[in-house]
Amino acid sequence: MTEALLLAASFAVILAGALLFTNAVEWLGHRLGLGEGAVGSLLAAVGTAMPESLIPVVAMLGGQEGAEEVAIGAIVGAPFLLATIAMFLVGASALGYAKRRPQGRDLKAHMPTLERDLTVFLVFFAIALALGLGTPEEVRYPVAIGLVIAYGVYVRATLRGSGDVQNEDTLEPLVIAMGGSSVDAANPPMGLIVFQLIAALAAIVAGAHLFVEELIHIAEEIGIEVIVLSLVLAPLATELPEKANSFFWVRDGKDSLALGNITGAMVFQSMLPVAFGLAFTSWDLDKFAIVSMALGLAGGVVAYWALRLRGRFEAPALAIWAALYVAFVAFVAIA
């Protein structure tokens, strides 16, 4: 009972920290003059992917039994969730708000950024899956370094072509400034934005540390493999802020931010955390990790077809994304 309460507490801390983080990075992106594609695919995506990315690091640093399973599960579970259930929920939100959205069901996003995100994800997540089928250390370490360099190239390309700068009127007031009578939350100073970023990151780190400890304890008590819980529970808990932000953005027709927030995180999760896994774990994927990655790649293909090629939110794509997620849960239940 205590473990469950602590797990819920860690979830609340992670959620609060991530929401504060994304609120601050939107303001930071505006102040830095970044286009919506870069704000969504880089600043917002990395901010909301931070909790999930810290879990494998904290797990390996803790050195507890089962830590490697938690690390690998967190690394491969997040892209799977983003490419399936997150896409489904955002698409369903777009259809539900079709009458409110200025563009209806049509997609109004920065297409070069969207195409870049999905292509990079499909290529590098496929490489990560292939390496997990059996690769010697001599190969893993150079590839890990290559992934870090490749992400730097991706960031540069995104910054150089990311669309228009977000209008200040579309930004939510800075959360930490809303209670201060002497500070205009709708036009906060740079120092306050940075302070909120640091405070939010501290909350994320603390929540991730507690989450890892309680996840292992609960897995031991109920006799479920740690890798299963980390593949299903960890991504749902730590990626929830990402979906919540995208719901609001897609409702208001801000598709570049809504989808960039997801596809940018897919890119990030398929490169930097995978590089960490290759360098600091055995990267020997079991059947659960392999199936989740294969289904995640399938979800990415559907996203490319529906969003990039057809440029619309449509029911068939939503049905496939939901089916892919349900298929994995069913596989876990019967395996």
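Condition check: surrounded by 15 or more Cβ atoms within 10 Å (Cβ to Cβ), out of contact with any Lys or Arg (no Cβ under 6 Å at 6 or more places or on another chain) and modelled with pLDDT of 90 or more. Does Y141 satisfy that?
Values: surrounded by 15 or more Cβ atoms within 10 Å (Cβ to Cβ): no; out of contact with any Lys or Arg (no Cβ under 6 Å at 6 or more places or on another chain): yes; modelled with pLDDT of 90 or more: yes.
The answer is no for Y141.
Return yes or no: is K254 modelled with pLDDT under 90 and either within 12 Å of the chain's Cα centre (by Cα) or among the polar types (S, T, N, Q) (or both)? In short, no.
Here I72 meets each of (1) closer than 19 Å to L278 by Cα; (2) surrounded by fewer than 24 Cβ atoms within 10 Å (Cβ to Cβ) with one exception, condition (2). The residue pairs whose first member lies in segment 126-137 and is on the phi > 0 side of the Ramachandran plot, whose second member is surrounded by fewer than 16 Cβ atoms within 10 Å (Cβ to Cβ) and assigned to a helix (DSSP H, G or I), and whose beta carbons are closer than 9 Å, counting only pairs six or more residues apart or on different chains, do not exist in this structure.
Restricting attention to segment 21-33 and to residues that are crowded, with 23+ Cβ neighbours inside 10 Å and aliphatic (A, V, I, L, M), the residue that is farthest from the chain's Cα centre (by Cα) turns out to be A24.
Only a single criterion out of (1) surrounded by fewer than 23 Cβ atoms within 10 Å (Cβ to Cβ); (2) at pLDDT below 75; (3) under 21 Å from the mean Cα position of the chain (by Cα) is not satisfied by A185, namely (3).
The residues of segment 284-294 that are surrounded by 21 or more Cβ atoms within 10 Å (Cβ to Cβ) and either part of a helix (DSSP H, G or I) or under 20 Å from the mean Cα position of the chain (by Cα) (or both), listed by number, are F288, A289, S292, M293.
Taken over segment 88-135, the criterion of being among the polar types (S, T, N, Q) and either closer than 30 Å to D286 by Cα or part of a loop (DSSP other than H, G, I, E, B) (or both) is satisfied by Q103, T119, T135. Do we have any residue at all in segment 131-141 that's farther than 20 Å from G277 by Cβ, more than 20 Å from the chain's Cα centre (by Cα) and not aliphatic (A, V, I, L, M)? No: zero hits. Here F248 fulfils each of the conditions (1) crowded, with 21+ Cβ neighbours inside 10 Å; (2) under 25 Å from L15 (Cα atoms) apart from (1). Residue count for segment 85-101 under the criterion of being surrounded by 24 or more Cβ atoms within 10 Å (Cβ to Cβ) and either aromatic (F, W, Y) or touching a Gly at 6+ places or on another chain (Cβ under 7 Å) (or both): the result is 1. Of everything in segment 109-126 that is in contact with a helix residue (DSSP H, G or I) (Cβ under 6 Å, 6 or more places away or on another chain) and of a type in the set (D, E, K, R), the residue that is farthest from M293 (Cα to Cα) is E115. Might you check whether a residue that is under 28 Å from P142 (Cβ atoms), in contact (Cβ under 8 Å) with a residue 24 or more places away in the chain and in contact with a Gly (Cβ under 6 Å, 6 or more places away or on another chain) occurs anywhere in segment 311-318? Taking every residue of segment 311-318 in turn, none turns out to be under 28 Å from P142 (Cβ atoms), in contact (Cβ under 8 Å) with a residue 24 or more places away in the chain and in contact with a Gly (Cβ under 6 Å, 6 or more places away or on another chain). Residues that are surrounded by 20 or more Cβ atoms within 10 Å (Cβ to Cβ) and assigned to a loop (DSSP other than H, G, I, E, B) within segment 296-335 comprise just one, F313.
Looking at the structure I just gave you, is A157 at pLDDT below 85 and in contact with a helix residue (DSSP H, G or I) (Cβ under 7 Å, 6 or more places away or on another chain)? If you could, list the steps in order and put the result at the bottom.
Values: at pLDDT below 85: no; in contact with a helix residue (DSSP H, G or I) (Cβ under 7 Å, 6 or more places away or on another chain): yes.
So A157 does not fit the description; no.
Being over 30 Å from L133 (Cα atoms), out of contact with any Phe, Trp or Tyr (no Cβ under 6 Å at 6 or more places or on another chain) and not in a helix (DSSP H, G or I), is that true of even one residue in segment 11-30?
Of all residues in segment 11-30, those over 30 Å from L133 (Cα atoms) come to 11-30.
Filter once more, so that each one left must be out of contact with any Phe, Trp or Tyr (no Cβ under 6 Å at 6 or more places or on another chain): 11-30.
From what is left, the residues that are not in a helix (DSSP H, G or I) are none.
Looking through segment 11-30, none of the residues is over 30 Å from L133 (Cα atoms), out of contact with any Phe, Trp or Tyr (no Cβ under 6 Å at 6 or more places or on another chain) and not in a helix (DSSP H, G or I).
The values are calculated or read from the model by the stated rules, or taken from the named source; none is laboratory data. On a predicted model such as this, the values are computed, not experimentally measured, just so you know. All Cβ positions, glycine included, derive from the backbone under ideal geometry; neighbour counts span all protein chains shown.
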